[in-house]
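K.L.:
Submitted below is the structure of interest, expressed as structure tokens.
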Amino acid sequence: MNSYSCHSLIQNRIIQPKSHNSQKLFREKLLNASSLFHSDIKGHFGCVNAIEFSNNGGNMIASGGDDRRVLLWNTQKAMWRKGSPSCMKSEHRSNIFCIAFDKDNEKIFSGGNDEQVFVHDAATGNPVDNFMHEDAVYGLSTDPNNPHVFASACDDGRILIYDIREPADSEPFCLANYVSSMHSVMYNPLDPRLVATANVREGIGLWDVRKPKSCIMRYGGEFEQQSCMSVRINNQGTQILALRRRLPPVIYNIDSKSPVVEFDHTGYFNSCTMKSCCFAGDRDQYILSGSDDFNVYMWAIPPDLSTSNNFFCTGQYINKAHLVLKGHRSIVNQVRFNRDNGLIISSGVEKTIKAWCAFPLNVPDEIEDNDELLNSNGERPVFTHEEYINLMLRSGHVMSHDYTQQSTEEDPRMMAFFDSLVQREMESWSSSEEFSSNEEEL
């Protein structure tokens, strides 16, 4: 099959349901890939903290971030840089941290640092409602069977469930209530009575909406304290993927506390920022995570674990990624995969969203040689901590969240700040490891 027909295939798949043949082709292409083609999607004026594909085809992408705006993109047009995204008319008062579509893609939910969740009409951009919280909202998940119900993960340690048909000032249903922050929440796609959560101290938990405030499964053990920031459930509803600070991504079978497999790779590091993870592949045979080293990592789940029928293998450790996707110019925080069109999107400290695909994208005004595009990684010199300080002194002020200039161009001060943050975190990590080693010797 020549490159033109491959290009035509992906172009059609973005707007049409996938066939068995195209599904097989994408599976084989991803399996044998050494890297992926990518395209930049520009429209935000600050860090992009939340990205999400629409349901049933991935025809749309919703995004939000430090510029407090929710943007809605046509996936195909965004990849080929045609047209502009639509902007929801309700604007948050602070950073947006999370976004979700309802099951029918009619409404978009957004939450963030301003302690509220907005509900937007996806077609018109008009506000539908907003739900006040008592603290920042870090995670959102919509009920896969009910377009009116959503769950929020809050900095005050609660998981709250709302029905938007009720008045906005009605008391929400409190599913969980910890002292420490909840960072992520997700309904089980096949059984929405079950909800997975990520907590900064209590780690990964599973809850039943019929048994509020009683965690029915705490993964990793009752007494093991893990700072967890992201949790996802596979499409079969059988496995939980979690991201933990300074620890490798981990998969659990949903009915077992013991880890099934952990993933690592030289250079992968997750410590400085809040990140997400996700399953990938048409059969959820991969996982994805961003990293403090500016890369996106894709690991292959061992074949005996990537099916829903095996619940007995535990304790495996994968120390090599299937793919390391280079191209971001700072920390990568968010990753999403859409199984209907085979696309990956990623975002983070930059103002840019990246779309990744196993096939050439033929993006207008982009590098003409697709092989060159495949291998171009956009590397830049990393700022030292001293250079960051000097940059602040020369500019006369620290970083600002004033986006009145509406610039989508790279902000050197923001890049330098996070470069400095990574360096200081790595130094702290090295010092703590050295201290632990000395303690063991004593």
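The values are calculated or read from the model by the stated rules, or taken from the named source; none is laboratory data. Since the structure is predicted, the reported quantities are computational estimates derived from the model, not experimental observations. Positions of Cβ are backbone-derived with ideal geometry, glycine not excepted, and every protein chain shown enters the neighbour counts.
K.L.:
Considering the stretch 26-71 alone, what residues qualify as being in a loop (DSSP other than H, G, I, E, B) and charged (D, E, K, R)?
P.N.:
Asp66, Asp67, Arg68, Arg69
K.L.:
While we're on this one: Any idea which of Ser214, Ser271, Ser258 is assigned by TED's automatic domain parsing to the domain that holds Phe97, hydroxyl-bearing (Ser, Thr, Tyr) and closer than 23 Å to Met426 by Cβ?
P.N.:
Values: Ser214 fails: closer than 23 Å to Met426 by Cβ; Ser258 fails: closer than 23 Å to Met426 by Cβ.
Of Ser214, Ser271, Ser258, the one residue that is assigned by TED's automatic domain parsing to the domain that holds Phe97, hydroxyl-bearing (Ser, Thr, Tyr) and closer than 23 Å to Met426 by Cβ is Ser271.
K.L.:
Would you say Asp135 is at pLDDT 95 or above and surrounded by fewer than 19 Cβ atoms within 10 Å (Cβ to Cβ)?
P.N.:
Yes: the conditions hold for Asp135.
K.L.:
Turning to a different aspect of this structure: Do any strands (runs of 3 or more DSSP E) lying entirely in the stretch 220-292 carry at least 1 residues that are more than 17 Å from the chain's Cα centre (by Cα) and surrounded by 22 or more Cβ atoms within 10 Å (Cβ to Cβ), and which ones are they?
P.N.:
It comes to 239-244, 250-253, 259-263.
K.L.:
If you don't mind, there's one more thing I want to ask. Checking Ser3 against (1) surrounded by 18 or more Cβ atoms within 10 Å (Cβ to Cβ); (2) in contact with a Pro (Cβ under 8 Å, 6 or more places away or on another chain); (3) more than 19 Å from Phe101 (Cα to Cα); (4) modelled with pLDDT under 95, which test does it fail?
P.N.:
Single failed check for Ser3: (1).
K.L.:
If you go through the stretch 111-170, how many residues are closer than 19 Å to Lys89 by Cα and not hydrophobic (A, V, I, L, M, F, W, C)? Quick ask: steps written out before the conclusion?
P.N.:
Taking the stretch 111-170 and keeping what is closer than 19 Å to Lys89 by Cα, we get 111-132, 164, 168.
With the extra rule that they be not hydrophobic (A, V, I, L, M, F, W, C), the set shrinks to 111-116, 120-121, 124-127, 129-130.
Of the residues in the stretch 111-170, 14 are closer than 19 Å to Lys89 by Cα and not hydrophobic (A, V, I, L, M, F, W, C).
Okay, residues lined up against (1) under 23 Å from the mean Cα position of the chain (by Cα); (2) part of a loop (DSSP other than H, G, I, E, B); (3) among the small types (Gly, Ala, Ser):
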| position | (1), (2), (3) |
| --- | --- |
| Leu160 | yes, no, no |
| Arg165 | no, yes, no |
| His183 | yes, no, no |
| Ala198 | yes, no, yes |
| Gly205 | yes, no, yes |
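K.L.:
Among the numbered criteria (1) modelled with pLDDT under 95; (2) touching a helix residue (DSSP H, G or I) at 6+ places or on another chain (Cβ under 7 Å), which single criterion is violated by Asn59?
P.N.:
Of everything listed in (1) modelled with pLDDT under 95; (2) touching a helix residue (DSSP H, G or I) at 6+ places or on another chain (Cβ under 7 Å), Asn59 misses just condition (1).
K.L.:
What do you reckon, is Met88 buried (at least 22 other Cβ atoms within 10 Å of the Cβ), of a type in the set (A, V, I, L, M) and without any contact (Cβ under 8 Å) to a residue 40 or more places away in the chain?
P.N.:
yes
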